[in-house]
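Derivation of every value follows stated rules applied to the coordinates shown; laboratory data play no part. Bear in mind the structure is a predicted one, so any value in this text is a computation, not a measurement. Glycine gets a Cβ as well: all are built from the backbone with ideal geometry, and neighbour counts include every protein chain shown.
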Amino acid sequence: MSKHELNARNLLRPLPVIRTQNKIASLDAGDHLVVYCTDPGTLHDIPAWCRVHGHTLVSTAESADEIIIEIEVVKD
Amino acid sequence: MSKQRKAVSLISGGLDSMLATKVIQDQGIHVEGINFYTGFCVEGHTHAIRKKDKEKQKKNSSLWVAEQLGIKLHIIDISEEYKDIVLNPKHGYGQNLNPCLDCKIDMVARAWQWCMDNDFDFVITGEVIGQRPKSQRKETMPIIARESKIEDRLLRPLCAQHLTETLPEREGWVNRDELFDFHGRNRKPQLALAKKLGFDEWSQPAGGCCFLTDESYSNKLQDMWDARGERNYEVDDIMLLKVGRHIRPAKHFKLIVSREQGENNFMRGYRPMYSYLYPTSHGGPLTLIDGTPTEEDILTAARVVARFSQGRDADEVAVNYVAKHNEGEQELKVKPMPVAEIPDDWYIH
């Protein structure tokens, strides 16, 4: 298992979820991805995308100017 | 044992594509969704930018639909490649700068390519004959199938009975008798089907999902092309057309004046790429300058910025000017431009 980071700051939805999707395609099962975003809509989009693709949402954290979402990759 | 047939569905997030997908799922087909991001998608953008809309933060409709249907959704960024559709639509524009027919052909072609790359059998859409004046007409349906090169592997479950039999129907992968004959702008059949299928909630993009169908947005895009003397754009250009007041005092420069704090915050990210102004003696809007203003133009711009600041009634407002790629700031002390002195035709709307 390895941990990766994705900078999706200043991107408007749905770009953060697209970048997340594309990044996860290159990762292995069990890897973790930490996504840094600023668009509050990602708090809906990335968890929803994880649910429809079966990935595990590890955590979400929100501060005044940043959202951090951690995902564990699950592959069929 | 027969092969499990697989279809990909163009998911817009609206009711029709949701119904079309469910109808085909219920016939035992494995369906996954696909959604294309063109850069002109309305959903979420203005909510994300404008502070007053923050409370309206809502779900992404296409992801929400995928969840309701229990299907995977692949969201694909085609914003760069999509330029050619916007700039050179073979079939022309709709009421504004919306190239709906070319757009549909392009998306079906991309979905079909995705099918071939991923061993899927056919594409489904929620199109209904007569529902959209530009792209969803009886005569455009075969054009889309032909020009996307998908031919008879494009199935429109909601109006299939009005159309020539497709391969999935001929081969018995789906039962044509269980497809529909919807047509026209009447939504009652869709609403009845939604009820029958157990859906009681859906979003309503109804053509409003693309900024290019919006008259004001199209006017700003056309103005940008006219001013630059060429029909082209970068993705950042089309983002900035979504925010602020656009004021063009002269062909060679335009002001983008933020309207509120949320837009101010969003536009701050563009400061490295533009010259900009902001008031320092009073609260007021960040203003980006697109073009090549002269010194006199910058004073005019500063007076406009002062007019939209909290010092609009003051004798003098201090406005800082920062030239593009220049870290130094220049302080300008100007008299706010009276509303009556800003000609109506400066506003692009």
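Brief remarks follow.
- Electrostatic dipole magnitude of the stretch B:243-346 [Cβ: Lys, Arg +1; Asp, Glu -1; Cα centre; debye, to 20]: 260 debye
- DSSP bridge analysis restricted to the protein assembly as shown gives an antiparallel fraction near 60%, rounded to the nearest 5.
- Looking at the stretch B:63-120, the GluC sites (Glu not before Pro) that sit in a DSSP loop and have at most 13 other Cβ atoms within 10 Å of their own Cβ are B:E80, B:E81.
- Computed over chain B, the range of Cα coordinates on each principal axis works out to 81, 39, 35 Å, biggest value leading.
- Distance between the modelled labels on B:R271 and B:E329, one decimal in nanometres: 0.8 nm (7 Å Cα→Cβ projection).
- For the stretch B:243-346, the normalised intensity computed at q = 0.10, 0.14, 0.16 Å⁻¹ comes to -0.22, -0.45, -0.60 (log10 of I(q)/I(0), Debye sum over alpha carbons, equal scatterers, no solvent).
- GNM flexibility winner over chain A from A:D65, A:D28, A:D39 (Cα, springs under 10 Å): A:D65
- For chain B, built as a Gaussian network whose Cα springs stay under 10 Å, the top-fluctuating residue of B:L240, B:L212, B:L197: B:L197
- Within chain B, helix-based [θ] at 222 nm, where runs of 4 or more DSSP H residues each add -39,500 (n - 2.57), nearest 500: -9000 deg cm²/dmol
- Ordering B:R185, B:R156 from the fewest to the most neighbouring beta carbons within 10 Å gives B:R185, B:R156.
- On the principal axes of its alpha carbon atoms, the stretch A:3-72 extends 31, 19, 18 Å, with the longest extent given first.
- 3J(HN,Hα) along the stretch B:212-221: 5, 7, 8, 4, 5, 5, 4, 4, 5, 5 Hz, from the Karplus curve 6.51 cos²θ - 1.76 cosθ + 1.60 with θ = phi - 60°, whole Hz, x for Gly and Pro.
- Quarter the surface of the alpha carbon convex hull of the protein assembly as shown and you get the mean projected area, 23.2 square nanometres.
- Remark: relative contact order (chain A) = 35 percent; criterion is Cα-Cα distance under 8 angstrom and separation of 6 or more residues.
- All Cα pairs of the stretch B:6-211, percent lying beyond 23 Å: 42 percent
- GluC sites (Glu not before Pro) within the stretch B:251-335, DSSP loop, no more than 16 other Cβ atoms inside 10 Å: B:E260, B:E316, B:E327, B:E329
- Couplings 3J(HN,Hα) of the stretch B:281-292, computed from phi: 7, 9, x, x, x, 5, 10, 8, 10, 9, x, 10 Hz, in residue order, whole Hz [Karplus 6.51 cos²θ - 1.76 cosθ + 1.60, θ = phi - 60°; x for Gly and Pro].
- Against the compact-protein benchmark of 2.2 N^0.38 Å, the Cα-based radius of gyration of the stretch B:217-288 scales to 1.10.
- Residues B:D236, B:D102, B:D223, B:D345, arranged from fewest to most other Cβ atoms within 10 angstrom of their Cβ, appear as B:D345, B:D236, B:D223, B:D102.
- Working from label points 7 Å from Cα in the Cα-to-Cβ sense, the B:D26 to B:S2 distance is 1.8 nm.
- Normalised alpha carbon radius of gyration of the stretch B:87-171 [divisor 2.2 N^0.38 Å]: 1.08
- Computed FRET value (nearest 0.05) for B:E165 with B:R185, which takes r as the C-beta separation and R₀ as 22 Å: 0.30
- Nearest-20 debye value, the protein assembly as shown charge dipole, Cβ charges on Lys, Arg, Asp, Glu: 900 debye
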